[in-house]
Amino acid sequence: MAAMRRLNLPGDAASREDVTAKAERHLIQPWPLAGSIGAEARTLIGEADGIYITDGSGMRLIDGPAGMWCTNVGHRNKAIAEVMHDQALQLSYNTPWYTMNEPSAVLAERIAAHAPGDLDHVFFTTGGSSAVESALRFMQFYNNVRGRKDKKLILSRGGAYHGSTYLSASLNGRPRDLDWMDGADALVVKLSTPDPFRRPAGMSIEAFEDFLLAEFDETVARIGADRIGAFVGEPVQASGGVIIPPKSYLRRVREICRQNDILYVSDEVVTAFGRLGHIFASQDEFGIDPDIITFAKGVTSGYFPLGGMVVSARLMEDLRRSNHPEAMFGHGLTYSSHPIGCAVALKNLDLLEGGILDHARKIVPYFQAQLKTLEDLPLVGEVRGVGLMACVECVADRESRNALQLDKAVGARIDAHCHELGLLVRPLINMCVMSPPLIITREQIDDMVAILREGISRTMDDLRKEGVWQG
Ligand SMILES: Cc1ncc(COP(=O)(O)O)c(C=O)c1O
């Protein structure tokens, strides 16, 4: 414990090196490369407060991506820390196999009250992957019980990220995610990325939307609705680069799903709990009422690993009325409905509803407008965003919008410069994703954008010097 505290002191090189050495010898980092697996140290974070994190050298950085889109109410929130402490002393764990706890039932009711349409039943998981996995296994169970054993295929899209468990990962559609991985390919059908920025040259956004919908329709017709169980989609593809689909695309997809009895699973692991200024964005931002919504991340603002799915009352009713009351949904987790996670989520909801959501809604236009000013930099092809999520996409030139001719590590280069200047960026190949804690102020947005501008400018200088780019 004493050693941990010393780490937080700026310039404590000895303990920093010690931790680094331990990580290099024993820690497997997530998403590692074969060439450095099990032998890699990453930026050490010693402590955090509000929108700031402090690295192992004592450097204070704006948490640009809010951890991984999750530290919504900000770091070091005392009210949440106290709830965790109190709940741990009252009931730290109970088996969900044949007992239950109060926080999970109260939280389920509160989440149901925020969910659109008739979505009013909640199953709690340990995070986003297990939430998506649960939704998919539920769809399989639902169709098995209803005697539709062939109706199991899942529609997903390019640019998607839905998790790292086998089935959820099989839906992923970002470049390189699956290059070296196996997936449940026979169960998944991939559709085009709904990315207006990368639509075919000369095509209007309206025509692009029609193209996407025609592809959806044709796919359903070709495969047969009796073989397709679910469509899974993020309302805004987050890790794909904050891809915001054309205006009425989601509503039209929802309609096709309804007509063909395909369950619409809205993956709101990123977009829920305030990121777009609402508890859930499906209805409030995009006008759709899915059959299932998956959530995680912001539900506890990252203080505890928790996720879940909210399911339509109609689906519950269909199962209860089926001819198979003996059929078991053979799915559950040791940490389903975890009392500490659910207690944290309840306090997190109090904080969101007690002013943070209002603040987020008010600050969004300023956040988007300030980031948009970066479009005057020649390396920047587009700045796009919605709510408190945005992406700065760099391109070799605006004519071709070609990212591939650029050094692929351009996002990482910008991140490295920004780190020196006091900002953590989330680099994604040629893109930088920004999604700070929702409590960010106007002044802090000014700092963030000024650093980002300088980081991109320095990257442009580097690329010019290296002869990689001449913008
Ligand atoms: C939209 C979406 N779904 C699912 C996941 C997986 O969540 P987790 O990493 O908590 O398992 C993520 C993670 O980034 C995500 O962005």
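Read-outs throughout are calculated quantities, based only on the coordinates presented, and are distinct from any laboratory measurement. All values derive from a computational prediction rather than experimental measurement. FYI the Cβ positions are ideal-geometry reconstructions off the backbone, even for glycines, and counts take in every protein chain you see.
Which order do the peptides 35-43, 63-71 come out in when sorted by mean C-beta neighbours inside 10 angstrom, highest first? Let's see the in-between values first.
Details: 35-43: 12.3, 63-71: 23.3.
In decreasing order of mean packing, 35-43, 63-71 become 63-71, 35-43.
Using 0.36 nm per residue of separation minus the Cα-Cα distance, give me the extension gain between ASP185 and VAL468 in nm, one decimal. Please report the intermediate quantities before stating the final value.
Numbers: separation 283, 0.36 × 283 = 101.88 nm, distance 3.75 nm.
Gain in length upon complete extension: 98.1 nm.
Between ASN94 and ALA39, how high is the FRET efficiency from 1/(1 + (r/R0)^6) when r is the Cβ-Cβ distance and R₀ = 56 Å? Nearest 0.05. Don't jump to the answer; show the numbers that get you there.
On the way: r = 40 Å, r/R0 = 0.71.
According to the calculation, E is roughly 0.90.
Would you mind checking the pairs LYS247/LYS347; LYS78/LYS297; LYS297/LYS372 and listing those with alpha carbons more than 23 angstrom apart?
Details: LYS247/LYS347 34 Å; LYS78/LYS297 19 Å; LYS297/LYS372 26 Å.
In this structure, LYS247/LYS347; LYS297/LYS372 lie more than 23 Å apart at Cα.
Which of SER15, GLY127, PRO96 sits farthest toward the positive end of the charge dipole of the range 5-129, with +1 on the Cβ of Lys and Arg and -1 on the Cβ of Asp and Glu?
Checking the options against the dipole of the range 5-129, the answer is SER15.
Can you order the peptides 273-284, 438-449, 198-209 by their average number of other Cβ atoms within 10 Å per residue, highest first?
Values: 273-284: 23.5, 438-449: 18.4, 198-209: 13.5.
Order by mean packing, descending: 273-284, 438-449, 198-209.
Need one number: convex hull volume per residue for the range 1-118, Cα atoms only, in Å³.
Working: hull volume 24.3 nm³, N = 118.
Roughly 206 Å³ of hull volume per residue.
At GLU326 and GLU215, where each label point lies 7 Å from the Cα along Cα→Cβ, what is the point-to-point distance in nanometres?
About 4.6 nm, to one decimal.
In Å and on Cα atoms, what radius of gyration and Dmax does the range 63-103 show?
In Å, with Rg to one decimal and Dmax whole: 14.2, 42.
In nm, what is the difference between 0.36 nm times the number of residues separating GLU82 and ALA21 and their Cα-Cα distance? Intermediate values should be presented prior to the final figure.
On the way: separation 61, 0.36 × 61 = 21.96 nm, distance 3.35 nm.
Working it through step by step, the gained length comes to 18.6 nm.
Could you calculate, for the range 338-434, the ratio of the Cα radius of gyration to the Kirkwood radius, expressed as Rg to Rh?
Values: Rg = 17.3 Å, Rh = 15.4 Å.
That ratio is 1.12, to two decimals.
Thinking of the range 216-325 as a set of Cα atoms, what percent of all their pairs are more than 18 Å apart? It would help to have the intermediate numbers written out before the result.
Values: 3272 of 5995 pairs.
Distances greater than 18 Å cover 55 percent of the Cα pairs.
Run the simple label-point estimate for ILE205 and SER57 please: 7 Å along Cα→C-beta, distance reported in nm.
About 4.2 nm separates the two model spin labels.
Starting from the 7 Å offset along Cα-to-Cβ, what nm value, one decimal, do you get for the label separation of MET316 and ALA409?
Result for the modelled spin labels: 5.2 nm.
Using helices alone, what [θ] at 222 nm do you get for the chain, with -39,500 (n - 2.57) per DSSP H run of 4 or more residues, divided over all residues and rounded to the nearest 500?
Working: 15 runs with 180 residues, N = 471.
Result for the chain, helices only: -12000 deg cm²/dmol.
Using the Karplus curve 6.51 cos²θ - 1.76 cosθ + 1.60 with θ = phi - 60°, work out ³J(HN,Hα) for each residue of the range 392-401 in order, rounded to whole Hz, and write x for Gly and Pro.
Rounded to whole hertz, the list is 9, 9, 8, 9, 5, 7, 6, 5, 7, 6.
Equivalent-ellipsoid semi-axes (√(5λ), Cα gyration tensor) for the chain, whole Å, largest first? Write down the numbers at each step before the final one.
Working: eigenvalues 248, 177, 86 Å².
Each semi-axis is √(5λ); the values are 35, 30, 21 Å.
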